[in-house]
Every structure is written in structure tokens, then in C-alpha cells.
1. Relative to the longest principal Cα axis of the chain, at what angle does helix 43-52 sit, 0 to 90 degrees, rounded to 10?
2. Test of understanding: what is the full-extension gain from residue 211 to residue 61, defined as 0.36 nm times their sequence separation minus their Cα-Cα distance?
3. Of all DSSP beta bridges in the chain, what percent run antiparallel (nearest 5)?
4. What net charge is computed for the residues neighbouring residue 307, neighbours being all others with C-beta under 10 Å from the C-beta of residue 307, Lys and Arg scored +1, Asp and Glu -1?
5. Rounded to the nearest 0.05, what FRET efficiency do residue 239 and residue 48 have when you use their Cβ-Cβ distance and R0 = 25 Å?
6. Exposure proxy check: 157, 252, 128 ranked by fewest other beta carbons within 10 Å?
7. Nearest 0.05, what FRET efficiency do residue 109 and residue 75 give at R0 = 41 Å with Cβ-Cβ as r?
8. Sorting check: for 42-48, 255-261, 171-177, which peptide has the highest mean count of neighbouring beta carbons within 10 Å, and how do the rest follow?
Amino acid sequence: MKRAWIECSKKDLKHNLDLIQSRMAGGCEVMAAIKADGYGCGILETAAALDELNIHAFCVACLKEAIQLREKGFKQEILIMGYTPLEQIKEVCRYDLIQTVVDLAYAKQLDLLKLKVKVHIKIDTGMHRLGERAENIENIKKIYQCSNLQILGIYSHICANDLSRKRDAEYAENQLRLFDEVILQLVSDGIDVKKAHIQSSYSIFQFPQCHYDYARIGAAMYGVLATRKDAEAIAPELKPILSLKSQVVDIHVLKKGESAGYDLQFLAEKDSVLATLSIGYVDGVPRALSCGKGKVLIQGTVCPIVGRICMDQLLVDVSEIAENVRLTDEAILIGKQGKSEISIYDVAEACDSIPVEIMGRLGSRVDRIYL
Ligand SMILES: *Cc1c(COP(=O)(O)O)cnc(C)c1O
């Protein structure tokens with residue numbers, strides 16, 4: 001008996017990857033983004049599923065995530081996309097990882113360490129988060145003069161993904177153009193830039209014709225984009241792979257006028273039956289779904305979450321299925337049951353968020369399994 005668990009579909013993961021790969025130019029490979037505990041699906045579980053699907057490259061946010069993968073024996077190329085403090089670069093080398101060079105100053109500091117650290121150079125084409133500015137071509141060339149760096153690639157990140165705005169599409173196209181210009185300039189100087197990559201989930205579907213070596217894919221691989229509308233518009237075939245499940249651990253019959261939960265936030269307007277589920281906000285059910293804003297599926301029926309969601313448990317009004325509900329009944333917080341579904345978009349919309357935030361915040365004590 002489990003209290004709360006996440007089930008991910010290997011079949012849907014493969015389906016999404018096949019779809020993504022069908023949109024990529026020949027020779028371009030998926031570099032799978034498995035940061036943030038594999039977008040909630042479990043970093044090690046996801047890495048194992050991707051390994052079976054012959055994915056050769058991973059990208060993560062930080063050193064800790066990369067080490068976790070190496071310690072479990074994953075041999076893939078691993079790119080750390082975030083900043084790593086200089087005193088931890090030894091670890092980057094020891095675990096045979098690839099560090100992102102965030103600008104020329106950082107490149108010089110890395111060079112002084114004389115560790116022959118493997119790196120990809122980040123180019124800022126307009127996000128202004130990490131990277132040496134595309135316009136500063138002289139600075140970029142200086143990074144290539146750092147003889148103690150093993151420079152294996154160059155990349156950038158597209159930040160304008162709002163499909164409802166023409167301005168964003170133009171901005172993204174300009175980012176692609178700036179990146180191409182940097183590469184052309186370097187190549188014309190006789191520099192071998194090796195692996196070049198800029199696309200991620202949105203740009204694979206918006207600009208499929210691009211001819212880079214990798215596409216760093218997170219969201220789309222897990223079957224989601226930022227909004228349901230975007231998914232319907234550019235990638236309706238994607239299938240969200242994650243389901244969140246728990247179960248009924250207690251049942252309470254309330255008389256009209258009785259209240260339940262913290263701060264008496266539920267008041268029975270009629271005789272009611274409540275089920276207690278062993279999952280709470282620490283497990284990643286947003287507390288904003290309290291008091292009827294969220295729903296769960298039990299026995300294929302949509303039941304409202306009532307009262308305030310607690311840290312480890314929550315209450316559901318099961319009056320509609322009072323005759324049938326039983327202890328240990330499975331409850332679906334995200335996913336399908338029979339013909340009914342509560343999609344990750346339903347949850348994200350109900351609390352003014354996006355699917356990957358909901359997924360990334362799922363709690364560490366929830367079991368993860370790929371089926
Ligand atoms: C997280 C991340 C990605 C993956 O983005 P998705 O939109 O989830 O596909 C790619 N590149 C960088 C730099 C990232 O931080």
C-alpha cells in the first residue's frame with residue numbers, strides 16, 4: 001500500500017520523443033533535459049527510461065544533479081546548464097561532466113584552474129540570463145584562446161515563446177539569426193565550434209527546419225507545453241506522461257451543519273461523506289486547490305477537494321459515490337481513470353501556473369515509477 005505516487009508512461013515518453021525527432025533536421029539529436037528531478041518524473045527513473053530509448057545526451061541545471069546521474073552509472077554526455085562555483089570544478093572533471101561557460105570572465109577563471117575542464121560556451125542572444133553577448137564576438141573569440149578549456153560546443157536559449165504575440169516569434173527568429181551569425185564568424189576564423197544547439201521544446205515545433213547538432217528538450221518530452229492552447233496549436237499529438245495518484249485512507253460521514261478540516265473551511269450544507277487522501281501540499285498538490293478549486297477522480301467520478309489542503313493529507317467530498325467508496329480506493333489527482341481525466345493543464349489553470357511548475361514541485365517523498 002502506497003500513500004502517494006507518480007506513474008509515468010514509457011509508451012507516451014517514446015511517443016513524444018518519436019514526434020519530436022520527426023520534427024528535427026537529420027543529424028540533430030535530442031539532449032534530454034532531466035533537471036528538477038526529471039521535471040518531477042524522477043531524475044534517475046527518467047534517465048533509465050531514456051537510456052532504454054537510446055538517448056545519448058542529458059542536460060541538468062546543476063552539479064548535484066549531474067553527480068547523482070554519474071553515481072548511478074549513467075554514461076551519457078551530461079551538460080550542466082547553470083553556473084558552477086570555481087571550487088567545485090574539480091568535481092566537474094572528476095565526474096566527466098560538461099560545464100557551461102557563462103561569459104568571458106568565467107572562462108578566464110576556469111582557464112586559470114588548468115584542469116582541462118570540458119565546456120560548452122553559452123551565447124546570450126536576447127534572454128540576458130546567462131551567456132556572452134552575441135554582439136561581443138571579440139570576447140567570444142577570446143574564450144577560444146583559453147588553452148586549458150576543452151571546448152566541445154556552443155549554445156544559446158530562445159526565450160520568446162508566447163505564441164499569441166507576433167513580437168515573440170520575431171524575437172525568437174532574431175535569436176536564431178544572431179546565433180547563426182556568431183557561428184559563421186567563428187567558422188570563418190577557422191574555429192571548429194563542434195556541437196551547436198539552441199532549440200528547446202517550443203522551437204522544435206515552431207522552427208523545425210533548423211539544422212543544429214542537439215535540441216535540448218524538456219517539457220515536450222514529458223508531453224506538455226506552457227498552456228493547453230499552445231499544445232493544441234503547435235503540438236496536439238503530445239501526450240502528458242505523468243499521473244499523480246493517492247488513495248482513500250479514511251471515510252467520514254458528516255451531518256448537515258458540521259464542518260471539517262483546518263479553520264473549519266468546509267461546512268456541510270447537507271449530510272455529506274468525506275474521504276481522506278494520504279497526499280498533501282508537501283507532496284506537490286498546490287494548496288491553492290483547497291476549498292473546491294481542485295478535483296480528484298475516485299471510481300471514475302469527479303469529486304471536489306474540500307476544506308484546506310493539509311501538509312500530508314486532504315479531504316474530498318465523495319457524497320456522490322457514498323454507496324461505493326471504499327478504503328484504499330485509488331484517487332487520481334492528475335491523470336485518467338475510466339473515461340474521466342484531470343489533466344495537468346486543469347491543475348495548472350486552476351492555480352494560475354504552468355504544467356512544468358506543478359510537475360517540478362512534486363514532493364521528494366512521493367514514489368516515482370515508469371510503467
Ligand atoms: C530547462 C532548459 C531547457 C529545456 O527547456 P524546455 O522548454 O523544457 O524544453 C533548455 N535549455 C535550457 C538552458 C534550459 O534551462
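1. Taking the Cα atoms of the chain, the angle to 43-52 is about 70 degrees.
2. Extra length from residue 211 to residue 61 when fully extended: 51.5 nm.
3. Approximately 50 percent, going by the DSSP bridge assignments.
4. So the environment of residue 307 carries a net charge of -1.
5. With a Förster radius of 25 Å, E is 0.80.
6. 128, 252, 157
7. Approximately 0.90, to the nearest 0.05.
8. Top to bottom by mean Cβ count within 10 Å: 42-48, 171-177, 255-261.
The numbers here are math on the coordinates, done by the rules we state, and not lab data. The shown structure was predicted, so the numbers you read here are calculated from the model rather than taken from an experiment. All Cβ positions, even for glycine, are placed from backbone atoms using ideal geometry, and neighbour counts span all protein chains on display.
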